[in-house]
Amino acid sequence: MLGLGERSSPLVATCSRGLEDALAAELRALGASAVAAGRGMVSFSGGLDTVIDANLRLRTAMRVLVSLVRGQVTDRGGLYDLAASVPWEEAMGERQTFSVEVAGQARAFRDASLAARVVKDAVVDRLRRLHGARPDVDRESPDIRLHLHLSDGASTLAVDSSGEPLSQRGYRPRGGPAPLNEALAAGILLLAGYDGSQPLIDPMCGTGTFAVEAALIATRTPPSLLREFAFERWPGHDRERFQEFIRRMAHARRDAPAPIIALDRDERAVQATRRNLKAAGMDRWAEVRAGDVRELSLPWGAGGMVVMNPPYGKRLGDVKKLGGLYRKIGDALKQRAPGATAWVLVGDRELAKQIGLKPARRIPLFNGPIECRLLCFEMYEGARE
């Protein structure tokens, strides 16, 4: 892809707001260079191996973008020239499809769709001049996804190496009532300091996202081994080299060193969690059973980690009706989780107060459009207020 190989290129990994520091830490652990966190993204540098590695192993990222060209754009002609300067003949075949997505803002382009059309025209015109044929636009399932980030300073045109968001691991079917985003669930676990060495329980597991992501972390399994990526459609993609990446990562896995337990009072949720764990190949590392948060217990005695994502009221129920549930959560933690560290994602401040405990930490996060707080409660053994 445009000479991307051993040569280091500017790259960007996007993420949910609030996960930037966790994503930056992941990238540094991968050995990426020039890592710098922004808002909803982290910039870094690397070659093709870094791009592949990031797509397979990053737990908190949504996409990995490869920057193609950057420059100041003050009008339509300037954007056309910027896009036309890219050697698109190296980036896509004659019969491949592409799409253009636009983010950011610039005074010259109040209409994002206009900016997308300008880039599309530049790509099509260049390839038509060279090949006598034009590639088609496919907004639903393109071979090549282009991303234009507009700014009154410098605008950037990039190609998406991921395809579908990296939160779509490949183990869970789309849909279901208010599922927790996989990348956000993994980010919450990483922000909580979870590394698999401590026992973990989710007493309101829903479709089991925390349990699956915890098992992936505990076994050191890259989260995206089951899915496909946009870079597999790039011209010159070396399939054997990519498969060697996967084989090497699979050999680095380990057994989960501590218990992972998922509970839910809804039998349908219990069955969904079991299906998702099995689809992810993690069913041997997590225990799933029916249970109510009011009957929370720690089979290991004391300590460990409790994590949960109770309903916020904004998507699954009325806030007023949920106050009693949050009071029960607080009671269960106080009475039935001695020595544990509890992490609760809440999307409503009034509901958070109903827990009746003073959080040791509050971390702002976004679950889709919903502004949330990840609350940390340090539970003590014995009587202590």
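Below are the figures for this structure:
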read-out: The chain: most fluctuating residue of ARG248, ARG172, ARG327 per GNM, C-alpha cutoff 10 Å; value: ARG248
read-out: Eligible aspartates and glutamates near LYS353 by straight Cα distance, threshold 14 Å, same-chain separation 8 or greater; value: ASP331
read-out: Burial ordering of THR14, THR97, fewest other beta-carbon atoms within 10 Å first; value: THR97, THR14
read-out: Relative exposure of SER197, SER9, SER161, judged by other C-beta atoms within 10 Å (fewest first); value: SER197, SER9, SER161
read-out: Of ALA25, LEU166, GLY347, farthest towards positive along the dipole that unit charges on Lys, Arg, Asp, Glu beta carbons give the chain; value: GLY347
read-out: For GLY47, distant residues with modelled amide H under 5 Å away; value: SER9
read-out: log₁₀ of I(q)/I(0) at q = 0.07, 0.11, 0.15 Å⁻¹ - the chain, Debye sum with one point per alpha carbon; value: -0.36, -0.82, -1.27
read-out: Most fluctuating residue given options LEU56, LEU127, LEU333, as computed from a GNM of the chain linking Cα atoms under 10 Å; value: LEU127
read-out: The chain, relative contact order [Cα under 8 Å, separation at least 6], %; value: 14
read-out: Placed amide H near SER155: partners under 5 Å, 5+ positions off or other chain; value: GLY71, GLN72, VAL73
read-out: Scattering profile of the range 9-160 at q = 0.13, 0.15 Å⁻¹ [log10 I(q)/I(0), Debye over alpha-carbon scatterers]; value: -0.61, -0.81
read-out: Whole-number percent relative contact order across the range 126-228, with pairs defined as alpha carbons under 8 Å at least 6 apart; value: 22
read-out: Under-5 Å amide H pairs with GLY104, H placed in peptide plane, nonlocal only; value: LEU150
read-out: Gain on full stretching of the segment that runs from ARG294 to ALA36 - 0.36 nm per residue minus C-alpha separation; value: 88.6 nm
read-out: Residues HIS131, HIS251, sorted so that the one with the fewest Cβ neighbours within 10 Å comes first; value: HIS251, HIS131
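Every read-out reported here was derived from the displayed coordinates using simple, explicitly stated rules and does not represent laboratory data. Small disclaimer: the values here were computed from a predicted structure and weren't measured. Counting neighbours? That spans all protein chains shown, and the Cβs are built from the backbone with ideal geometry, glycine included.
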